[in-house]
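Here's the structure, in structure tokens; my notes come after.
Values quoted throughout were computed directly from the atomic coordinates according to the rules given, and no laboratory measurement underlies them. All of these numbers come straight from a predicted model, not from anything done at the bench. Positions of Cβ are generated from backbone atoms using ideal geometry, with glycine treated the same way; all protein chains shown enter the neighbour counts.
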Amino acid sequence: MKWVTYDGGDDIRTGVIDGDVVRGLAAGTTLLDLLSSGHLAEAGADALRTPAEVRGLEDVRLLAPLPRPASIRDGLCFLDHLRGCYRALGRPEELHPAWSEAPAFYFANADAIVGPYEEVPISPGSSMFDLELEVGAVIGRGGRDIPPDRAESHVVGYTLYNDWTARDHQLRDMAQGIGMAKSKDSAITLGPALVTVDELEPYRRDGRLAMELSATINGEELTRGTLDQMDWTFSELISYVSRGTDLPPGSVIGSGTVPAGCLLEHVDTAELSDFARWLRPGDVVSLRGEGLGETRQTVQKGLDVAPLRPAG
């Protein structure tokens with residue numbers, strides 16, 4: 001099933017896409033509630049059989065399927081993305097052994113979720129605003145200390161994930177050395193739907209989901225790749241994330257960026273001169289994924305910021 005959260009003009013509802021219509025559940029029902037209660041499959045059957053309302057897709061505005069997830073952690077599972085960033089920054093591409101010992105991730109801002117067609121303002125004070133092409137796995141069955149061979153069974157479905165990043169703020173965050181802060185704080189796109197795992201089985205190859213993923217800016221392709229390029233699988237990442245801690249239903253786990261799926265990896269690439277810049281107001285950014293759909297968002301001017309006094 002393709003689960004969506006949508007605005008029909010009078011209220012916000014949860015529903016299932018069925019062809020060119022949305023079959024909605026009763027007002028007040030949220031996707032997070034259904035995941036937390038374990039009643040998602042039953043609710044989906046009800047939506048198809050006896051929906052509370054039926055709306056044409058063209059008559060509703062799709063929001064993020066999980067407007068406020070239980071938690072968000074974003075991994076870095078495509079190591080060629082990291083090598084590409086190092087190359088663009090003029091650093092040696094050889095990775096520290098730590099990158100092969102455990103999958104890296106950071107805690108992202110669950111209050112910063114935006115929908116698949118919403119405008120995205122540039123992070124306040126940033127002049128180096130970037131996109132990142134990712135996929136998010138959504139936890140349907142919670143757990144703790146989940147073994148890798150069972151971790152994928154805890155995933156209810158997947159969604160496109162754009163990890164908007166202020167690269168100039170990221171340089172300061174990295175210099176401070178205690179993790180991502182304002183560089184990753186302004187927006188995370190999820191959507192257009194939460195696509196359940198059974199819908200995506202046709203894209204499985206050799207045990208891995210191999211959906212083709214791509215990103216465009218103003219209609220020009222930035223990159224194209226497949227999900228099975230991940231060096232660390234979702235199963236391994238979820239197992240690691242759940243070590244010694246509860247992973248509740250409705251949590252979102254990001255894959256990390258598909259190689260070349262951000263502008264940072266292109267800023268030194270002369271043959272792609274149109275991408276040798278950062279995002280500007282008016283740019284239209286789209287992510288696409290086989291079976292997952294497409295996002296389309298316009299970048300807007302950000303807020304000016306009041307300077308802080310130097311400390312110390």
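Database remark: amide H of VAL120 closer than 5 angstrom to the amide H of THR298, VAL299, GLN300 (H placed geometrically; neighbours at sequence offset of 5 or more, or on other chains; Pro and chain starts carry no H). Remark: the chain carries a charge dipole of roughly 660 debye about the Cα centre, counting +1 on each Lys and Arg Cβ and -1 on each Asp and Glu Cβ. Taking the Cα atoms only, what angle lies between the long axis of helix 40-49 and the longest principal axis of the chain, rounded to 10 degrees? Roughly 60 degrees between the two axes. Axis of helix 167-176 versus longest Cα principal axis of the chain: the two differ by about 70°, to the nearest ten degrees. The phi torsions of region 67-74, fed into the Karplus equation with coefficients 6.51, -1.76 and 1.60 and a -60° offset, translate into couplings of x, 9, x, 4, 6, 9, 10, 10 Hz, rounded to whole numbers, with Gly and Pro shown as x. Using the Karplus relation 6.51 cos²θ - 1.76 cosθ + 1.60 with θ = phi - 60°, the per-residue 3J(HN,Hα) values for region 53-60 come to 7, 10, 10, x, 4, 6, 9, 10 Hz, with x marking Gly and Pro. Residues whose amide H falls under 5 Å from that of GLY191, counting only those 5 or more places apart or on a different chain, are LEU160, with hydrogens built in the peptide plane. The mean sequence distance of close C-alpha pairs (under 8 Å, at least 6 residues apart), as a share of the length of the chain, puts its relative contact order at 24 percent.
Here the Gaussian network model covers the chain, with springs between Cα atoms less than 10 Å apart; of THR233, THR216, THR245, THR245 fluctuates the most. Each 10 Å bin from zero holds the following percent of Cα-Cα pairs in the chain: 6, 27, 35, 23, 8, 1, 0.
By the Kirkwood approach, averaging reciprocal distances over each pair of separate Cα atoms, region 2-63 gets a hydrodynamic radius of 11.3 Å.
Using the Cα centre as the reference, give the magnitude of the dipole from point charges on the C-beta atoms of region 165-312 (Lys, Arg: +1; Asp, Glu: -1; all else neutral), rounded to the nearest 20 debye. Walk me through the numbers before you get to the answer.
Values: 15 positive and 22 negative charges, 131 e Å.
Value, rounded to 20: 620 debye.
In this structure, the amide hydrogen of ASP231, modeled 1.01 Å from its nitrogen in the peptide plane, lies closer than 5 angstrom to those of PHE78, LEU79, counting only residues at least 5 positions away or on a different chain.
In order along region 76-91, phi translates into HN-Hα couplings of 10, 9, 9, 5, 5, 4, 5, 4, x, 5, 4, 4, 5, 8, x, 9 Hz, rounded to whole numbers, per the Karplus curve 6.51 cos²θ - 1.76 cosθ + 1.60 with θ = phi - 60° and x for Gly and Pro.
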